[in-house]
1. So how many residues does segment 129-146 have that are farther than 15 Å from residue 163 by Cα and surrounded by fewer than 19 Cβ atoms within 10 Å (Cβ to Cβ)?
2. Could you figure out which of (1) over 21 Å from residue 220 (Cβ atoms); (2) in contact (Cβ under 8 Å) with a residue 40 or more places away in the chain isn't true of residue 93?
3. Please work out if residue 189 is assigned by TED's automatic domain parsing to the domain that holds residue 122 and at pLDDT 95 or above.
4. Among the residues of segment 250-265, how many are loosely packed, with under 14 Cβ neighbours inside 10 Å and either in contact (Cβ under 8 Å) with a residue 24 or more places away in the chain or not assigned by TED's automatic domain parsing to the domain that holds residue 112 (or both)?
5. Filtering segment 114-128 down to residues that are in contact with a strand residue (DSSP E or B) (Cβ under 9 Å, 6 or more places away or on another chain) and more than 22 Å from residue 230 (Cβ to Cβ), which residue is surrounded by the most Cβ atoms within 10 Å (Cβ to Cβ)?
6. Select, from 163, 101, the only residue that is within 30 Å of residue 245 (Cα to Cα) and in contact with a Ser or Thr (Cβ under 9 Å, 6 or more places away or on another chain).
7. Would you say residue 149 is surrounded by 14 or more Cβ atoms within 10 Å (Cβ to Cβ), out of contact with any Cys (no Cβ under 6 Å at 6 or more places or on another chain) and closer than 30 Å to residue 304 by Cα?
8. Of 227, 200, which residue is closer than 23 Å to residue 115 by Cα, touching a residue at least 60 places away in the same chain (Cβ under 8 Å) and in the same structural domain as residue 116 (by TED's automatic domain parsing)?
Amino acid sequence: MLTEITFAYRPFLYFLLVIPVLIGWYIWQSRGMYATMQFSHSSFLGNVKKSFRQRMVHLPFILRMLVFALLIAALARPQSTARMQDVTIEGIDIVVALDISGSMLAEDFKPNRMEAAKATALDFIDMRPGDRIGVTVFAGESFTLVPLTTDHALLRDMLRTVSTGMVEDGTAIGDGLATAINRLRESDAISKVIILLTDGINNAGVIDPLTAAEIAQIYGIRVYTVGVGSKGAVPYPFQTPFGIQYRDVEIPVDEALLLEMAEMTGGLYFWADNQNALLNIYREIDQLERSRIDVMEFSRKTDEYLPLVLLALMLAAAEFLLRNTWLRVTS
């Protein structure tokens, strides 16, 4: 972390050139400030020393010039800049595309598929501390939750807020993949990966999943698809006038589609029928090839004029007191 001082209004600093002029004027004026006396012999004055007060007679002027200089510096608006240098690290760019449709509330995972998917995604983020990771979510519609970032604390906080019902229900796999592609298409990383997790069949959206997979292939993005859910009927909560009741329902997954999407892009298809299997899938993906990426430089500016103004006020007060008390000049 580097810290440097800059001035937002640098031209104000030119007023500092007035200070040498004022000093010269003061010296010239001081020549006539003291009375002179003529003596026939001045040897007896050799042992006369100036008092401390006499030595400090110019202190108010010095304080006045310091106040002037500090106020000019404050007007120039000094700013400290905390900067993180560009660094090159090992890693890949990864976007997790997460299905948040209503079917993710099925409770064949504990406590349900949604919470299990979030928990394992959080574990995966911890596995990849050097990577830029983003998260997109989809149901009937799709949107970016967090763009590619190395701020994994922010990523984790945002991921914890994900729930079903954030968008219209449905399973728009094509739109979900397209949104993730959009976050990666301008990436300079050699390895660009999308992990798309879903538990349903494409039944919404405007983009065909295979068309989205073709676009990913064009941009050199590998898509790893993950089907989630147990085979057969699974417990699902239904809201009724008498509260939540559970029924066993079948939630089919289009495995053929997910497999084809993965193969088109050079990725793999995985099936997770429990939370441990899902975590193992993330661990396998964690062994992906790494490439070199640059972390974006971060800088933060902070105004630093207030200490200068406060110091100027204190020096001005000291100058006023000295000039009107101890160093007061009487005519």
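The values are calculated or read from the model by the stated rules, or taken from the named source; none is laboratory data. All of these numbers come straight from a predicted model, not from anything done at the bench. As a convention, Cβ positions derive from the backbone with ideal geometry for all residues, glycine included, and neighbour counts pool all protein chains shown.
1. In the first step, residues of segment 129-146 are kept if they are farther than 15 Å from residue 163 by Cα; the result is 129-134.
Right, trim to surrounded by fewer than 19 Cβ atoms within 10 Å (Cβ to Cβ) and you get 129-130.
Here the count works out to 2.
2. (1) is the only condition that residue 93 fails.
3. Numbers: assigned by TED's automatic domain parsing to the domain that holds residue 122: yes; at pLDDT 95 or above: no.
So residue 189 does not fit the description; no.
4. Pass one, segment 250-265, residues loosely packed, with under 14 Cβ neighbours inside 10 Å: 250, 252, 255-256.
Still in the running and either in contact (Cβ under 8 Å) with a residue 24 or more places away in the chain or not assigned by TED's automatic domain parsing to the domain that holds residue 112 (or both): 252, 255.
Here the count works out to 2.
5. Looking at residues that are in contact with a strand residue (DSSP E or B) (Cβ under 9 Å, 6 or more places away or on another chain) and more than 22 Å from residue 230 (Cβ to Cβ), I get 125.
6. On the way: 163 fails: in contact with a Ser or Thr (Cβ under 9 Å, 6 or more places away or on another chain).
The unique qualifying residue is 101.
7. On the way: surrounded by 14 or more Cβ atoms within 10 Å (Cβ to Cβ): yes; out of contact with any Cys (no Cβ under 6 Å at 6 or more places or on another chain): yes; closer than 30 Å to residue 304 by Cα: yes.
Against the criterion (surrounded by 14 or more Cβ atoms within 10 Å (Cβ to Cβ), out of contact with any Cys (no Cβ under 6 Å at 6 or more places or on another chain) and closer than 30 Å to residue 304 by Cα), residue 149 qualifies.
8. Numbers: 227 fails: touching a residue at least 60 places away in the same chain (Cβ under 8 Å).
Unique residue meeting the criteria: 200.
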